[in-house]
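Enquirer: Would you mind keeping the following structure in view while I ask a few things?
The values are calculated or read from the model by the stated rules, or taken from the named source; none is laboratory data. From a predicted model like this one, the values you see are computed outputs, not experimental measurements. Every residue, glycine among them, receives a Cβ derived from its backbone with ideal geometry; neighbour counts consider all protein chains shown. The protein model used for the area step is the full one, side chains on, heavy atoms only, and it has no ligands, DNA or RNA in it. Shrake-Rupley method; radii C 1.70, N 1.55, O 1.52, S 1.80 Å.
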Amino acid sequence: MDFTPHTPDDVRAMLEALGMQDLRELFADLPDALLEPDLRLPAPMSEQEILAHLRDLAAKNVPADKAFLGGGLRPHFVPSLVPALAQRGEFLTAYTPYQPEVSQGVLQAIFEYQTMIAELTGLDVSNASLYDGAAALAEGVLLALRQTRRMGVVVSQGVHPEYRQVLATYLHAVGAELRTVALEGGLTPAARFDETVGAVVLQSPNFLGAIEDPAPWVEAAHAAGALMVYVADPLSLALLKPPGDWGADIAVGDGQPLGNPMNFGGPQFGYIAVREKLVRQLPGRLVSQTHDVDGRRGYVLALAAREQHIRRAKAKSNITTNAQLTALMGAMHLAALGPEGFAEVAAASVARAHALAAELERLPGVERVTPEPFFSEFVLRLPRPAATVRAGLAARGWHAAAPVPGEYGTNLALFAATERHTEEDLAGLAAAMKEVLA
């Protein structure tokens, strides 16, 4: 690095305050493999040689634009205007558009994004996005705990397991208790909650792809004085009743299906929307519409609850940035499709998923675990380990059969289909699966 902020004297003072002799003692908890890794770097190369080497490495990448893997990230068609607009300098380089006198265009775009998310979820207010769906869930639950002043959280096993892992990390840090309700037949059973519970979390469509009935959980949560946190695939909201209409207080999810490619799992964006009474607990940025002294419409940051704007102890979140550009890509995608086009994409994805499930269920030893109705993802029980099937399909050029964690059962694999998959794609995957399972 060209700039190292700590002088040798700084380091010695820090170690002395900690009662340590050297930096090795400070990092004693880290394994040697991390402290002194065996890098085995190749011999130095010239610029020309290293560029050629990088091209060779890049050529090994296999396109997955028609992957069937699922798990919340799927390959949807992104209209060309989305990346074309997102790569304009006004959006691409406007990292922190705080100053309304120079950032009206970006602030208005964020305001439009917030409006779209509020309309999709049936709730009153949305912020300007978070990192991803897992972070959005964690922030939504913390919001509920602040509002209710309780430290109990109940979550359905149908919530994405990676989301639950992130949530557990956040809750451990604040001393909250996390309880999980196991699925029954692929769906979340009705439950009752006591007065210690401040947040109740349900996902629909759930991790197995099944569409849940949120009504019993919403009713039970409110009866106990808890807030309902609803995790929803935004594409599903083109067809399904929105969380706000079910009575949910907070809606969260991952925005990747909206205008964002899979990109090896990121970057993407998380959305969060709440009822108006919770707006002062909302983390991150919030852009509002106003008027200037001459009566002209304008846009400004409002109720900024980040630690950059207020004292850290009062901040609603210590995440000091967001995924603004990818969120705006989601807004551009929604604007390009319009309500009817968006619903058509969702309907086509549902149709392709059901057609694929029907194809694969005909294979010997294959059984669908996800109950109907399901959205664009589903889980199958395979006659062989899912990882083995996944590897066999990959060797044949097919990206499918994502192994499902053992907490849900054995030899389970997740599949997904979208509007991008043709009938030939479905038949091709089924033929490859037949070979792998033979």
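Enquirer: What pairs can you find where one residue is in segment 169-198 and at pLDDT 95 or above, the other is among the charged types (D, E, K, R), and their Cβ atoms are less than 7 Å apart, with a gap of 6+ or different chains?
Expert: Close Cβ pairs satisfying both conditions: Leu187/Glu212; Thr188/Glu212; Thr196/Arg150; Val197/Arg150; Gly198/Arg150.
Enquirer: Show the residue pairs meeting these rules: Cβ distance below 8 Å; 6+ apart or different chains; first residue within segment 133-150 and closer than 15 Å to Leu202 by Cβ; second residue open to solvent by less than 10 Å² (accessible area, probe 1.4 Å) and in a helix (DSSP H, G or I).
Expert: Note: pairs meeting the criteria are Leu137/Leu167; Val141/Leu167; Val141/Leu171.
Enquirer: Hey, can you tell me all the residues within segment 180-202 that are in contact with a helix residue (DSSP H, G or I) (Cβ under 8 Å, 6 or more places away or on another chain) and open to solvent by less than 40 Å² (accessible area, probe 1.4 Å)?
Expert: Leu183, Thr188, Ala191, Phe193, Val197, Gly198, Ala199, Val200, Val201, Leu202
Enquirer: Within segment 359-389, which residues are open to solvent by less than 40 Å² (accessible area, probe 1.4 Å) and either modelled with pLDDT under 95 or in a helix (DSSP H, G or I) (or both)?
Expert: Leu360, Ala386, Val389
Enquirer: Which condition from (1) modelled with pLDDT of 95 or more; (2) within 21 Å of Asp254 (Cβ to Cβ) is the one that Ile110 breaks?
Expert: (1)
Enquirer: Mind listing whichever residues of segment 240-262 are under 19 Å from the mean Cα position of the chain (by Cα), open to solvent by 10 Å² or more (accessible area, probe 1.4 Å) and under 28 Å from Arg146 (Cβ atoms)?
Expert: Once the filter is applied, which keeps residues that are under 19 Å from the mean Cα position of the chain (by Cα), open to solvent by 10 Å² or more (accessible area, probe 1.4 Å) and under 28 Å from Arg146 (Cβ atoms), segment 240-262 yields Pro242, Asp254.
Enquirer: Within segment 397-406, is even one residue of a type outside the set (Ser, Thr, Tyr), within 26 Å of the chain's Cα centre (by Cα) and assigned to a helix (DSSP H, G or I)?
Expert: yes
Enquirer: Spot the failing condition for Arg164; the list is (1) surrounded by 19 or more Cβ atoms within 10 Å (Cβ to Cβ); (2) of a type in the set (D, E, K, R); (3) in contact (Cβ under 8 Å) with a residue 40 or more places away in the chain, and only one is missed.
Expert: Every condition holds for Arg164 apart from (3).
Enquirer: Those residues that are out of contact with any Phe, Trp or Tyr (no Cβ under 6 Å at 6 or more places or on another chain), open to solvent by less than 40 Å² (accessible area, probe 1.4 Å), not in a loop (DSSP other than H, G, I, E, B) and not hydrophobic (A, V, I, L, M, F, W, C), I need them from segment 218-239; list them, please.
Expert: Tyr230, Pro234
Enquirer: Still on this model: Hey, which of the helices (runs of 4 or more DSSP H) in segment 71-126, taking only ones fully inside, have at least 3 residues that are touching a residue at least 12 places away in the same chain (Cβ under 8 Å) and closer than 30 Å to Gly247 by Cβ?
Expert: Because the criterion is at least 3 residues that are touching a residue at least 12 places away in the same chain (Cβ under 8 Å) and closer than 30 Å to Gly247 by Cβ, the helices (runs of 4 or more DSSP H) in segment 71-126 that meet it are 104-121.
Enquirer: Shifting gears a bit: So which residues in segment 136-148 are open to solvent by 10 Å² or more (accessible area, probe 1.4 Å) and either closer than 20 Å to Glu162 by Cα or touching a Cys at 6+ places or on another chain (Cβ under 6 Å) (or both), if there are any at all?
Expert: Leu142
Enquirer: Right, something else. Which condition breaks for Val11 when tested against (1) within 31 Å of the chain's Cα centre (by Cα); (2) surrounded by 10 or more Cβ atoms within 10 Å (Cβ to Cβ)?
Expert: (1)
Enquirer: Select, from Gly152, Gly158, the only residue that is open to solvent by less than 10 Å² (accessible area, probe 1.4 Å) and under 27 Å from Glu419 (Cβ atoms).
Expert: So the residue among Gly152, Gly158 that is open to solvent by less than 10 Å² (accessible area, probe 1.4 Å) and under 27 Å from Glu419 (Cβ atoms) is Gly158.
Enquirer: Among the residues in segment 126-135, are any hydroxyl-bearing (Ser, Thr, Tyr), open to solvent by 60 Å² or more (accessible area, probe 1.4 Å), within 30 Å of Val369 (Cα to Cα) and within 21 Å of the chain's Cα centre (by Cα)?
Expert: Within segment 126-135, not a single residue is hydroxyl-bearing (Ser, Thr, Tyr), open to solvent by 60 Å² or more (accessible area, probe 1.4 Å), within 30 Å of Val369 (Cα to Cα) and within 21 Å of the chain's Cα centre (by Cα).
Enquirer: Just checking, does segment 36-59 include any residue being open to solvent by less than 100 Å² (accessible area, probe 1.4 Å), within 30 Å of Gly397 (Cα to Cα) and assigned to a loop (DSSP other than H, G, I, E, B)?
Expert: yes
Enquirer: Quick test for you: out of Ala343, Ala355, Ala351, pick the one residue that is under 23 Å from the mean Cα position of the chain (by Cα) and not polar (S, T, N, Q).
Expert: Only one candidate qualifies: Ala343.
Enquirer: Here's a check for you: in segment 263-275, which residue that is closer than 30 Å to Lys66 by Cβ and buried (at least 24 other Cβ atoms within 10 Å of the Cβ) is modelled with the lowest pLDDT?
Expert: Gln268
Enquirer: Right, next: When you scan segment 276-298, do you find a residue that is among the β-branched types (Val, Ile, Thr), surrounded by 17 or more Cβ atoms within 10 Å (Cβ to Cβ) and at pLDDT 95 or above, even just one?
Expert: The answer is no; no qualifying residue exists.
Enquirer: Please enumerate the residues belonging to segment 341-358 that are hydrophobic (A, V, I, L, M, F, W, C) and surrounded by 17 or more Cβ atoms within 10 Å (Cβ to Cβ).
Expert: Within segment 341-358, Phe342, Val345, Ala346, Ala348, Val350, Ala353, Leu356, Ala357 meet the criteria.
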